[in-house]
1. Across segment 629-673, what is the total count of residues that are of a type in the set (A, V, I, L, M), farther than 24 Å from Glu686 by Cβ and touching a residue at least 12 places away in the same chain (Cβ under 8 Å)?
2. Take Glu580 and decide whether it is surrounded by 15 or more Cβ atoms within 10 Å (Cβ to Cβ), charged (D, E, K, R) and within 30 Å of Ser397 (Cα to Cα).
3. When residues of segment 681-715 are filtered for being in contact with a strand residue (DSSP E or B) (Cβ under 9 Å, 6 or more places away or on another chain), over 19 Å from Ala742 (Cα atoms) and in a helix (DSSP H, G or I), how many remain?
4. So which of Leu891, Leu848 ends up being closer than 29 Å to Ala820 by Cβ, under 43 Å from the mean Cα position of the chain (by Cα) and not assigned by TED's automatic domain parsing to the domain that holds Arg1002?
5. In the set Leu764, Leu811, Leu749, which member is within 29 Å of Met668 (Cα to Cα) and either part of a helix (DSSP H, G or I) or not hydroxyl-bearing (Ser, Thr, Tyr) (or both)?
6. Working only within segment 116-130, note down all residues that are assigned to a loop (DSSP other than H, G, I, E, B) and surrounded by fewer than 18 Cβ atoms within 10 Å (Cβ to Cβ).
7. If you check Asp357, Asp335, Asp345, Asp310, which single one turns out to be within 54 Å of the chain's Cα centre (by Cα) and at pLDDT 90 or above?
Amino acid sequence: MNRIWLLLLIGVSAQAQAFPVILGGAGALALGAGFLPLLGIGLALYFGVKLWKLPRLALIICSLAGFFICAIVCIQWADANREAILANTQSLGAPSQRTTDIPYPYVSDAAQALSGSRITADDFYKGVSNRKIRVIRVDLGPQLFKDFGFGATATQIHNNPEPLLGIAKKGNQQVVLVDERGTTAAAIAEDLNERFGVHIQFLEGGANALNDYAWDHLAKLGDDHAVLPADIPSFKEQRNPTIISTTNPDEFLNYGWLHGLTVTLPVFLSGADAIAEALHGKTVLITAAESHYSGDTWILLDMLRARGVDAYFMQPTREELLIKPAYFKAYKNADRYFGAAQSFDYVLGYQDVRFLDFQSADDWARTKNQLPRTDHIDMEIVAKGGLTQAIAGLDQSKAYVGLAYDRRTFYHSILAGEILSAGGVRWLGINTEPGLFNRAVLTDDDLIDPEAAMYASIEGRSIRAIGSVFGLVPGSAAWVVFLNLAISFIGAFLAARPRHPAMKVAVALVGTVATYILWLAYLETTPVWASDDLISISQILGALSGWIAAKHFLARRQFKTDAVIDVLPAKIGLLQRAAELGYNVQKGYVVSNVDLDRFPHWVTSARVLVRSAASSESSSAQTIGVFESIPAQGKAEVKAALKTVHAQITAAGEVPFSLIQTFITARMFGVAMFGTAGDGHLFICEGGVGDAATAGTGKTERVAIPIWKTSGLSNDTKKVRSALLNLHRDMGATSIEWAVSANGVLTILQVSTDTLGRPGLSKLLKGTSGYGRTSSRFVALPVDHGSSVGAAVVAAMAAPGDQFSVGGVRLARVRSFVSARALQLADITSVLGSLPRSAFSRVPGALLLKAFELADRKRDSDRRTRQISLGGPDRALAEAIACELAVVSRLYGRFSRIATTAIELKIESPSQGFERALTSTLIGHEASKFSPDETVEMASVAGYAGVTSYAPFAEPCLDAELVSSVIQVVDSPLAWMKDKCAVMMMVELGRLSPAIDELCRRGVADLLLDILPSYLGDLSGNCPVFDEVPKQIRKFFEYGQHHPQAGTKPIAWGVPRPGLELTLTTPDNFAAGTAVYLETTDMSQLAMISTAGALVVRSGSSLSHLLQHARRLDIPHVVGVECGADLVGKTIRIEPTGGVFCA
C-alpha cells in the first residue's frame, strides 16, 4: 500500500435551484454515493497501469483522468435524467392538456385599451385601497387553488349572470372583474353592460398589469421586515411562519410551484379580507417573489398590512428570481434520482416499496396500470394544500418513491419526500422514467426475464439483510457514520497488506464494493439521516485511517534492541524495511553490548542464530559472508557466540552489532540475485539444504533466467523472483537470502542493496518489461567497441531513443516509414519551434540549415567557454560528461536524424544555388598530405576522436569510413548538414575523451554507465549479435537461455569472448595470476582468490559468498568442472561457455 496514491476529491454540496422547481442537492456531490465506486475505478486503473511499469507521472495522470471521467459521466447521467424531465412539460406518460371552452370572445390588449368599461391599474388599486371597488374574480376553469369566495368561472357567469348582476345593482361599490390578463373579463363586462344596462368594469391587462404599478408605487425596498433569499431557511427554522405565496394556473400546471398557502393574485384580490382574517395573530412570510410577476409581493404586503397583518416578505427583485434558497427543508435522499432499471428492481425485489403518483385524475386514469403498488394523490388536492393530509393517510410502514412525469410531478415528489421523511417514513428518491414502464413487462411471466427477477430479489434481500445492522442502534445517525467509517477502515487496512499489486487491486475493490453496498443499504433501509458530506468524509477518514494503521502495523519494529540505537545497521534496517513491505521476516534482538546479561525470554529458551550486523553489511559487497553466523541455545552459548561475532567485526575495524534471531528450520535455503556484468540480464537463484547455497559446500538447485521471464520456474522460485523484483522496486535490493518452509511460506533472511557490476539494471528492467522498447526492434551495428563505456558513450550521442548499447555493441532502432516520418516531423518542430506547412510534403532543407548553423555557432561558443574539471568528485565528473553527451544528442544527433530520414526517403525540398564541399572530405583531403603518424598527431591537435570504434584510452584518430581524400561538393543542404554533424561528433567526443579516460582510470566508470540512458548492460561472452536481423532487445540477451535449469553444464562468469589461457594451480602451489582449482567454494579461500587470474571449481554454488566476492573482484570463474583435478599444473583454456580443457 506504500505505493497507493489515494485519490481524494473533497467537494462541497451545492444546492442548484432553478425556477420554479427546487432541485435541492442537484449539484454534484463528489463525496456522495458516487465517490467510492469512482475511487475503486481509480485504484484499479492505478494498479493496472502499475503492473505495466509506466512512470509515476503516467500513473497519476491516468488515475486522475479515469476518476474524473467517471465522475463526469455519473454526474451528467443524473443531470440528463433531470433535464429530460425539466425540458418539457409533456414527456413519456405526461399529463394531458387542461382545455376549457370559454363562451366569450378573446379581447386583445389593443381592444381592452379602447373599451369604455376598462379601469387602469392605477385607478383600480386606489379604489381597492379605499374599499370603493368590489373585486369579482373570473376563472377560466374550475379553481385549482383554495377558494376564498367572490369568484366564478366564465361559463358559470354566462349560464347564470344573476348573482353578479345583483352585486352590481346594489351600487354601494363599483364592481370590477379581474382575471389573469383581462382577455375574458373584458368580454364579460362588455356583454353584461350591453345586455343588462349595468356598469361593470374590468381591470385592463388583468392581474398581471398590477406588476409594474406595484413596483412603481408600492415597493418598500428598505423595509425592516424584508428577508433576503439566503436567509429564508434560517428564518423558517427560527420563526416557523405561515407562508403565503402567489402563482397562476399556468405556472402550477407546468412547474408545480407551491409554497405554503398558494393562491393566484385574482384569488387574493377578491378574498383579501377572508385571507387576512385567517392570518391574524400569526407570523406571516410572503414569498410571492418566485412568481413571474414579482410585484405581487408588494400588493400582498400592502393589502395585508392595511388589514392589520404585519407580514414579513422575501426581498424580491424586479426581474424573476432564478436562484433561490430551498423552499423545502433538506432531507434524506432529496437528491436521489434513478431510472426505470432501479424501479424495476424495486417492483420485483422490494415488496415494501410503493410509488407516489401526483398526476391529475384524467392522467391517472390513463397511466395507473403502468406500475403496481402505486398510490395516487390528485394534482388538485396538492394545489388546494391537501398534500400533508393525503400523505398522513398512507401506510407509514412502507418505503416510497416519487414518480416524476414532468416538472410539476417532480417538484411535488420532492415536497412529499419532505413530509414523509419528517414523519420517520423511508423515502427512496424519485423515478425520472415512469413513462417507460408497462405493467405487462412487470407481471407477465412470459415477458419477465427470470434471471433479472432473481437478481432483483437477491439484491433486495441482501440490501435488507445488510441494512439490519443499522437497527442495532435504532435512530442513531452517529451509528450510521461509525459503520461507514469502520467498513472503509477495514477495507483499506486489508488492501494495504498484500504485496502483489493484483491482490491489492482485488482486496481494494472488494472493500470498495462492501462500502458502497453499505451505503446503498443506508439509503434504502433506514429513515435515519446523517449528512451526506459527513458520511462521505467518514468513509475517506476510515480509508485513510486504515491505510495509516496498516502502514504502522507493517512498520512495527520487528527488531528489539538492547539500547537506544538511532540508526539501525544496514543489514537490520533493510530487513526491517522488508517487514514493513509485508514480507515474512524472523523477529530479532539487536545487541550492541557484548557484556549484556539480560535477554528476552525467547533468546535464552529456544534455539537461536547469532548473526553479525556490521554497519557495512548488506550495503557493501566487501563484507558478504565475512563474519560468522553461530547457532546457540541457552544463555551461556548465546553470550559466547556474541563475543565471537563482536570480536570478528571489531577486528575488521567496524562498530560491532549482532542480531539474534530464532533458528529457522525450512525445507530449502538459498540466495537470489540479479546477475552482474555478462549475466546482468539474468535472475539467478540457487537453493539447497542448510547453508549449501551460501557456503558452497553442498548440493544446490540453480535457476538462471532472463529477468523478464517466468516460464519453467517452480512456484517457490516464482515467489523468490517476485520478492526480489518488488524489493528492488521498493528499496533497491539487488540480492536476497531466503528460506522456504515445508508449507511454502517464504521468509527473507537478508537483503543486499549493493549495485556493484549492475549499472544498467534499472534501465534493463524498464526497457524489457511492459511497453516502449519491448515492442521496438533493433539491429546490432557491425562494430564491437571492445568497451562498454565506449559503446554507451557513442550511443548516447545519437538522437534521443535511436541507439542503445549492450556490452561493447551498439543497437540501432529500426523504424517503419510511418514511424520515421512522424518522428522527423516532431524533430523539425523541436528544432524550428514550429512545424512549417511545407514539411508535410517536403523537408525544408534551407530552413533547417539556417537553424542548424545558428545552433552550431552557439554550441561552438559553449565549447570554448565551458570546460569539465578533471579533478572533480567521481559522481560530479560522471554527471558532467552525461550532461554534455545529452546536449550533443539533442543538437547533432537530432539534426543528423532529420537529414538522414529525408535523404533515405527522398523527400528533401530542392534548394537552388546551394553548393558546398563536405566538411569530412576537406579534413580527409588535408589528412592525406600527412603520414599515418602525422595524421594521428593532427587528430590529437585538432581534438578529433573516431566515433565508430571509440573506446577509452584510444589514440585520437579520424573515422576512416567518414573522411575521404577526395573533396566532394554537394547541392543538398541536408547532405552537407548530416556530414557536418558526423564531424562535430568526432570533435565533441575528442573534447570529452580526457574526462571519460579519467573516470575509467579511477575505476568508477560504472557511475557513468548508470547515468547514461543508452546503456542497458553487458552481454555474455558466448552471445552472437551481428546477424543483421532486427529483433527486440530481449532477444539479444536470450541467446542460449533455453531452459532456466542449469543442469550439469559448467557455469561460467566473467570469461571474455576470446577466452582465457592460464596455468591451473591448487591452493597449495598457487601463484598470483594463475587459475586456481577449488573443490568447493567455502569462504576459507577468500584471501587467496583476490590475486587469482581465474577460478575453476569442481562443485559448489555459483552464488556462494566466495563467488560473490569473485564477482566483486572481477575474477572469471567456472563452477561444475569435473575434470579440473586432471588439469592441475597444465596450461588450460577457459571458454565463455564454461568449457575447460588443455590449451
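The values are calculated or read from the model by the stated rules, or taken from the named source; none is laboratory data. Remember, predicted model here, so these are calculated numbers, not experimental data. In this analysis, Cβ positions are derived from the backbone assuming ideal geometry, glycine residues included, and neighbour counts consider all displayed protein chains.
1. Of the residues in segment 629-673, the ones of a type in the set (A, V, I, L, M) are 630, 632, 636, 638, 640-642, 645, 647, 649, 651-652, 655, 659-660, 664, 666, 668, 671-673.
Checking the rest, the ones that are also farther than 24 Å from Glu686 by Cβ come to 632, 636, 638, 640-642, 645, 647, 649, 651-652, 655, 660.
If we keep only those that are touching a residue at least 12 places away in the same chain (Cβ under 8 Å) as well, we get 632, 638, 641-642, 645, 649, 652, 655, 660.
Final tally of qualifying residues: 9.
2. no
3. Of the residues in segment 681-715, 1 are in contact with a strand residue (DSSP E or B) (Cβ under 9 Å, 6 or more places away or on another chain), over 19 Å from Ala742 (Cα atoms) and in a helix (DSSP H, G or I).
4. Exactly one residue qualifies, and that residue is Leu848.
5. Leu749
6. As a first pass, look at segment 116-130 and keep what is assigned to a loop (DSSP other than H, G, I, E, B): 116-117, 120, 130.
Selection gives Gly116, Thr120, Asn130.
7. Answer to the selection: Asp357.
Here's the yes/no breakdown for (1) within 24 Å of the chain's Cα centre (by Cα); (2) polar (S, T, N, Q); (3) within 26 Å of Lys332 (Cβ to Cβ):
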site	(1), (2), (3)
Arg461	no, no, yes
Ser488	yes, yes, yes
Met503	yes, no, no
Gly511	yes, no, yes
Ile517	yes, no, yes
Tyr522	no, no, yes
Pro527	no, no, yes
Ala530	no, no, yes
